[in-house]
Structure formats: structure tokens, C-alpha cells
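A short write-up of the structure that comes next.
The values are calculated or read from the model by the stated rules, or taken from the named source; none is laboratory data. Note that the structure is predicted; figures quoted are calculated from it, not measured. Neighbour counts run over all protein chains shown; Cβ positions are idealised from the backbone, glycine included. Areas reflect the complete protein model, heavy atoms only, side chains present, ligands, DNA and RNA absent. Shrake-Rupley method; radii C 1.70, N 1.55, O 1.52, S 1.80 Å.
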Amino acid sequence: MKNSTKITNASIESAGLPKDAKQAIAEYIWNGFDAKATAVSIDIKSNELGFIERISIRDNGEGIMPDTLDYSFGNFLDSLKKGQPKRTSYTRGKKGKGRFSFSLFATRATWHTVVVQHDALIAYTLIIDRDTKESYESSEPLPAQAEHSGTEVVLDGVFGLNAMTLESEEFRDFLAQEFGWFLHLNKDMGYSIKINGKPISYQQLIQETDETSVTIYSPQENSFVFKINYIRWKYPIGDRYYYYFLNSHKVEVAKLLSSFNNNAIEFHHSVYVESAFFDGFEMSDMTLSTEGNLFSEKEQQVVYRKLLAELRDMLERKQKKYVREKAVDIKLEELVQKDLLPRYGASDTDKDRKATLLQLVQELYIANPRAFVGIKADLIRTYLGFLDLLLQTDRKAEILPIIEQAIPLSDKERERIGIILK
């Protein structure tokens with residue numbers, strides 16, 4: 001049976017579809033996880049010359065309910081996901097663009113879906129052709145022979161893409177970066193992505209990891225234990241940087257942006273927080289306003305705010321450690337290469353001046369990397385020039401109070417800068 005999608009080719013082309021096949025396939029994988037799948041398999045059928053004959057993306061999710069087709073297929077840039085709260089990682093698609101992304105590299109997409117309806121499994125098929133995206137075909141739902149629900153998307157007529165691309169380590173690394181944080185989030189639930197039967201691994205992307213536990217007491221002296229799993233990734237990940245909150249069943253119930261999302265120092269991190277504290281969590285407990293009001297009850301609010309303070313302190317320590325060990329050397333080299341330092345001669349005095357300035361800049365950068373972000377080169381050059389001049393006067397001790405007006409310093413940071421100024 002033919003059905004209208006109420007769209008045109010022009011509307012799709014202007015909607016910001018993925019720019020390449022890798023991103024398009026990632027959209028289909030996310031669709032599977034959106035449908036509560038725990039496993040997604042990509043199978044690539046190619047001939048001896050490396051030309052792809054067919055790509056299938058199969059998941060064990062809930063399938064596509066027939067009574068949702070008007071929303072999920074009939075209206076482009078609209079879907080049932082659009083009205084769902086975006087407070088967990090399980091709903092990525094908001095505008096339903098992913099189902100049309102096949103048109104980038106295939107002529108036809110066929111969805112074979114199995115759903116539970118009235119306590120029985122039924123199956124039916126949906127077809128969209130690249131040249132006639134303004135309509136789709138659907139078959140009559142019939143009793144299914146399958147063992148469980150799920151959806152398989154089959155892409156035929158593949159063009160401009162060869163098997164080597166999708167079977168390469170580069171593509172596997174792309175999926176690892178896109179989904180590694182999500183697979184780790186759900187590692188205890190057995191989530192997986194496979195390409196031609198081989199699981200995607202993300203462990204190679206983990207640069208640093210740390211696990212700890214904290215106990216927080218409420219005003220009523222109730223205690224709650226939080227298991228915190230911190231990860232620093234080698235590369236950017238397919239999500240922003242969040243605290244992910246998991247209940248005692250290891251299921252994510254909410255997430256919150258960390259306070260280190262805009263530091264521009266390649267500090268790629270995720271923090272997973274597991275606790276029975278989140279067992280009674282309901283979406284209605286959350287407010288839209290501030291992070292301090294995640295819960296409606298006062299006792300929960302107090303515990304939650306204490307938890308956030310612990311998490312911020314922990315991440316601040318981790319970031320400073322990372323900056324001191326990795327990022328600061330890169331920043332100092334950048335200042336030299338861009339000729340932003342004052343001009344120094346070859347004398348021992350000038351060498352000492354340069355060393356002192358670099359030590360001071362190093363400590364300032366560790367204390368607050370953002371103080372060096374988004375500033376024009378000329379301003380940085382001027383700023384460093386004034387610091388250098390002050391360091392040569394008997395008023396250099398006054399530099400520290402001036403710095404503290406702009407950058408909060410810990411006792412150790414204040415002590416280290418004080419030693420430099422002496």
C-alpha cells in the first residue's frame with residue numbers, strides 16, 4: 001500500500017542530512033538504540049571486486065509500531081521522539097532525518113520490522129525509493145515467525161561506496177568514537193555493535209580511567225553511596241561531556257552537562273555515577289530550570305547538590321592534572337611558535353627573564369586554561385609584555401593580587417606563583 005510522506009526532495013536536501021555514509025550509518029545505529037535495542041549488527045555484502053551489493057543494519061529493539069507510521073514516516077522532521085524528554089542518552093534522533101539518510105549512497109531502503117501487538121509478534125515491511133521519497137510502501141502486518149521484536153534496514157543499489165571503506169579500521173574507529181561512551185555507559189547491560197560479526201571495541205580510546213566511591217549524608221542523617229567512574233578519552237566523542245546518572249540496576253536515568261564543556265584544551269571526559277539514590281527517580285522529579293533542582297524533595301535536593309559539588313571538585317582535579325601533564329607544554333610551545341613572547345636576547349639575564357615568564361604563564365594556564373581562550377594574538381602579546389616588565393621591577397609582588405582578581409587560585413597555586421615572583 002502506498003502512503004504519503006508529505007515531503008519533497010527539496011525539503012530533505014535543505015534539512016541537513018549527514019554529509020557522508022559513515023554518519024548516515026551511525027544515524028541508523030542510533031535509531032536502533034532509540035528503539036531500546038541492546039545489539040546492533042551491520043552486515044555488508046560485497047562482490048570480489050569490492051562493490052557493495054547490500055548493507056543491512058539489524059537491531060533487537062521494539063520495532064516500528066504500525067500506528068506510529070504517520071509520525072515516524074509520514075512527516076519528515078517530525079517523529080515521536082520529538083516530544084520525549086532529552087535528559088537521557090537513549091533518544092538521539094529528534095527530527096526523524098535518519099531514516100532518509102540512505103539517499104546519500106543507496107537507491108532503496110527497506111525496513112523489515114517485528115513488533116509486539118496484543119501480546120503477539122507481528123511483522124511487516126516498509127519501502128522508500130530514493131527517487132520517490134514523497135511516498136513509501138507498507139505491507140499488511142502478519143503474524144511473525146521471529147523470536148523477538150526488532151528491525152532490519154536493508155539498503156540496496158549502493159553507489160559511490162566500496163566495501164573497503166566500511167570494513168576499514170578507520171570506519172571502526174569512527175564508530176568507536178561515536179558510540180564508545182554509550183557502550184561503556186551500558187557495558188553491564190551487554191550493549192554491542194558488530195560489523196560482519198566482529199564487535200566494535202572502544203577500549204583503545206580510553207586515555208585514563210579512575211573509579212572511586214563517595215558517601216553523602218542528608219540532613220536527616222540518611223547515607224547514600226555513589227560509585228563514580230571517570231574516563232578521559234583520547235579523542236572527541238559522539239556526545240558532549242556529561243555526568244551520567246545510573247540507578248542500582250545500572251540503567252541511566254538522567255544526565256547533566258559537566259562544567260568543563262567549553263575549556264578548549266582537548267579534555268575529553270565522561271563521568272558515570274551509579275547509586276541506589278537514583279532508584280526512585282522519575283522524570284517528573286526533574287525541573288527545567290537549574291541543575292540544583294534535579295529533584296523535587298528537599299532531602300534529595302540537598303544530597304544531589306552535595307554530589308554535584310563532589311563531582312565538580314573531582315573533575316577540576318582531573319583537569320588540572322591533565323593540563324599540568326599534557327596541555328600546558330602544548331600551550332607554551334604555541335606561544336613560542338606564534339611569536340607571542342617578548343623579544344629576548346642571548347644573555348643570561350634575558351634567558352632568566354624568559355624562563356621566569358614561562359613559569360608564570362604555566363601556572364596561570366594550569367589554574368585557568370580558559371583565561372587564554374578566545375583572546376586575540378595582539379592582546380596576548382601585550383599582556384605577556386606587561387607581565388614581563390612587571391617581573392623586572394620591585395613591584396612584582398603586586399602581580400599576585402592582580403591575578404587573583406581574575407583567576408581563583410588554590411592554596412598550592414598561590415604558593416607556587418608566590419615562589420616564582422620571589
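Considering each residue of the stretch 209-231, count those that are assigned to a strand (DSSP E or B) and open to solvent by 30 Å² or more (accessible area, probe 1.4 Å), and give that number. I'd like the intermediate steps shown before the answer.
Step one: list which residues in the stretch 209-231 are assigned to a strand (DSSP E or B), which gives 209-217, 223-231.
From what is left, the residues that are open to solvent by 30 Å² or more (accessible area, probe 1.4 Å) are 209-213, 215, 217, 223-225, 227.
Residues in the stretch 209-231 being assigned to a strand (DSSP E or B) and open to solvent by 30 Å² or more (accessible area, probe 1.4 Å): 11 in total.
Testing ARG324 on (1) open to solvent by 80 Å² or more (accessible area, probe 1.4 Å); (2) farther than 30 Å from TYR242 by Cα; (3) among the charged types (D, E, K, R), one condition comes back false. Which one is that?
Against the list (1) open to solvent by 80 Å² or more (accessible area, probe 1.4 Å); (2) farther than 30 Å from TYR242 by Cα; (3) among the charged types (D, E, K, R), ARG324 comes up short only on (2).
Given the stretch 1-75, what strands (runs of 3 or more DSSP E) lie entirely inside it while holding 1 or more residues that are exposed (fewer than 13 other Cβ atoms within 10 Å of the Cβ) and at pLDDT 90 or above?
Details: elements: 2-4, 39-46, 52-59.
Qualifying strands (runs of 3 or more DSSP E): 52-59.
Within the stretch 157-176, can one find any residue that is surrounded by fewer than 17 Cβ atoms within 10 Å (Cβ to Cβ), in a strand (DSSP E or B) and within 31 Å of the chain's Cα centre (by Cα)?
Yes, the conditions are met somewhere in the stretch 157-176.
Does at least one position in the stretch 339-353 carry a residue that is closer than 30 Å to LYS234 by Cβ, out of contact with any Ser or Thr (no Cβ under 6 Å at 6 or more places or on another chain) and of a type in the set (Gly, Ala, Ser)?
No, that holds for no residue.
Return the residues of the stretch 232-281 that are crowded, with 16+ Cβ neighbours inside 10 Å and either in a helix (DSSP H, G or I) or aromatic (Phe, Trp, Tyr) (or both); say none if nothing qualifies.
Scanning the stretch 232-281 gives TRP233, TYR241, TYR242, TYR243, TYR244, PHE245, PHE260, PHE267, TYR272, PHE277, PHE278, PHE281.
For the stretch 320-422, give me every one of the helices (runs of 4 or more DSSP H) that falls completely inside it and has 2 or more residues that are touching a residue at least 40 places away in the same chain (Cβ under 8 Å). Full working, then the answer.
Working: elements: 328-337, 348-367, 377-391, 399-406, 411-421.
Qualifying helices (runs of 4 or more DSSP H): 328-337, 348-367, 377-391, 411-421.
Can you pull out every residue in the stretch 113-154 that is open to solvent by 80 Å² or more (accessible area, probe 1.4 Å), in contact with a Lys or Arg (Cβ under 9 Å, 6 or more places away or on another chain) and not in a loop (DSSP other than H, G, I, E, B)?
Of everything in the stretch 113-154, just one residue is open to solvent by 80 Å² or more (accessible area, probe 1.4 Å), in contact with a Lys or Arg (Cβ under 9 Å, 6 or more places away or on another chain) and not in a loop (DSSP other than H, G, I, E, B), namely ARG130.
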